[in-house]
1. Can you name the residue in the stretch 197-214 that is part of a loop (DSSP other than H, G, I, E, B) and in contact with a Lys or Arg (Cβ under 8 Å, 6 or more places away or on another chain) and is also nearest to ALA280 (Cα to Cα) among such residues?
2. Out of the residues in the stretch 197-213 that are closer than 14 Å to HIS234 by Cβ and open to solvent by 40 Å² or more (accessible area, probe 1.4 Å), state the one that is nearest to the ligand (Cβ to nearest atom).
3. Please verify whether the stretch 234-251 includes one or more residues that are within 12 Å of the ligand (Cβ to nearest atom) and hydrophobic (A, V, I, L, M, F, W, C).
4. Condition first: open to solvent by 70 Å² or more (accessible area, probe 1.4 Å) and part of a helix (DSSP H, G or I). Now tell me which residues in the stretch 123-132 satisfy that.
5. Mind telling me which of the residues GLY173, GLY166 ends up being part of a loop (DSSP other than H, G, I, E, B), modelled with pLDDT under 95 and either open to solvent by 10 Å² or more (accessible area, probe 1.4 Å) or out of contact with any helix residue (DSSP H, G or I) (no Cβ under 8 Å at 6 or more places or on another chain) (or both)?
6. Looking only at the stretch 257-285, which residues are more than 13 Å from the ligand (Cβ to nearest atom) and not in a loop (DSSP other than H, G, I, E, B)?
7. Please work out if ASN216 is open to solvent by 20 Å² or more (accessible area, probe 1.4 Å) and of a type in the set (S, T, N, Q).
8. For the stretch 183-195, does any single residue satisfy the condition of being acidic (Asp, Glu) and assigned to a strand (DSSP E or B)?
Amino acid sequence: MHRRSLLLATTSLLALPAARAGAASTSASKAPDVWPHDARVPGGVARLSLGPSAARPAARTEGDVPLLVLGDAIEWTALVGIPLAAAPGTSRITVRAEDGAERQIAYTVAPKRYSEQRLKVAPGTVDLSPADQARYERERAHQATVMATFTDPRLQDLQMRVPVPGRRSSSFGLRRVFNGQSRNPHSGMDIAAATGTPVLAPLPGRVIDTGDYFFNGGTVWLDHGGGLLTMYCHLSRVDVKVGDALKTGERLAAVGATGRVTGPHLHWGVMLNRTMVDPALFIAG
Ligand code: ZN
């Protein structure tokens, strides 16, 4: 799914929309030292103030998925991952105080038009064989259980280190159409790097899944607490096992071209409340 030609093409293709989004995101420019940046668009993150309280409040999405709540008794903040498929308009979260009292907080999702890429590929490469389709369905069910991981929040600073040096494409959100058939939008960041380049943990985290999957190839998932997960795909080797605890900068794998790709690169995904969001919101520069 992550063809090298796509990676190269999107770097220049998306420079303009990315610049526009940055200009429109006034809150990000007011608070440039806060990660993730506030970007209330599909694929972005809403930082919602919950105010002061002695204990950490619990917050959930409208779909009843638990949210990451950070801060201290002076000020708590809910970080809400907004799905790429979210409709612009008003959304709400539910906040429950220690005494059980519930309140709702509304926020507005602004529209964001991501670029579309239409590709013509050989017939037969778009449709999966029955055996591949069955494998993919099994893997999707397993991945859903991985994505539902929610452990106690344990980090306050969520600024991420880039997991591999290299040219970062801004292809997050790119809508892809193969031979006229829409595919899921691109839900991560592609970083160009040679096979064998070490992949480093961007934050402290615990390994919650490793595997070799049909589309994603060699894959590692990390749990950073509070439903903040990161995913690394197309790896040529995996150097960790489930349960390992990693510090920032510790090696977890090596870049490769496994799964459905034509060239080596890292596909990096960042997930909040079971929603893939733009990794660029978590890194400086
Ligand atoms: Zn990718």
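1. Going through the qualifying residues, I end up with PRO202.
2. The first filter runs over the stretch 197-213 and keeps only residues closer than 14 Å to HIS234 by Cβ, leaving 197, 199, 210-213.
Then keep just the ones that are open to solvent by 40 Å² or more (accessible area, probe 1.4 Å); that gives 210, 212.
On the way: THR210: 18, ASP212: 17 Å.
Ranking the qualifying residues of the stretch 197-213, first place goes to ASP212.
3. Within the stretch 234-251, the first condition is being within 12 Å of the ligand (Cβ to nearest atom), and the residues that meet it are 234.
Keeping just the survivors that are hydrophobic (A, V, I, L, M, F, W, C) gives none.
Within the stretch 234-251 (the criterion being within 12 Å of the ligand (Cβ to nearest atom) and hydrophobic (A, V, I, L, M, F, W, C)), the answer is no, since none of the residues qualifies.
4. Answer for the stretch 123-132, where residues must be open to solvent by 70 Å² or more (accessible area, probe 1.4 Å) and part of a helix (DSSP H, G or I): PRO130, ALA131.
5. Values: GLY173 fails: modelled with pLDDT under 95.
When all the criteria are applied, what remains is GLY166.
6. MET271, LEU272, THR275, VAL277, ALA280, LEU281, PHE282
7. yes
8. There is at least one residue in the stretch 183-195 that is acidic (Asp, Glu) and assigned to a strand (DSSP E or B).
The values are calculated or read from the model by the stated rules, or taken from the named source; none is laboratory data. Because the structure is a prediction, the values reported are computed rather than measured. Backbone-built Cβ (ideal geometry, glycine too); neighbour counts: all protein chains shown. All accessible areas refer to the heavy atoms of the entire protein, side chains included, with ligands and DNA or RNA removed. Shrake-Rupley method; radii C 1.70, N 1.55, O 1.52, S 1.80 Å.
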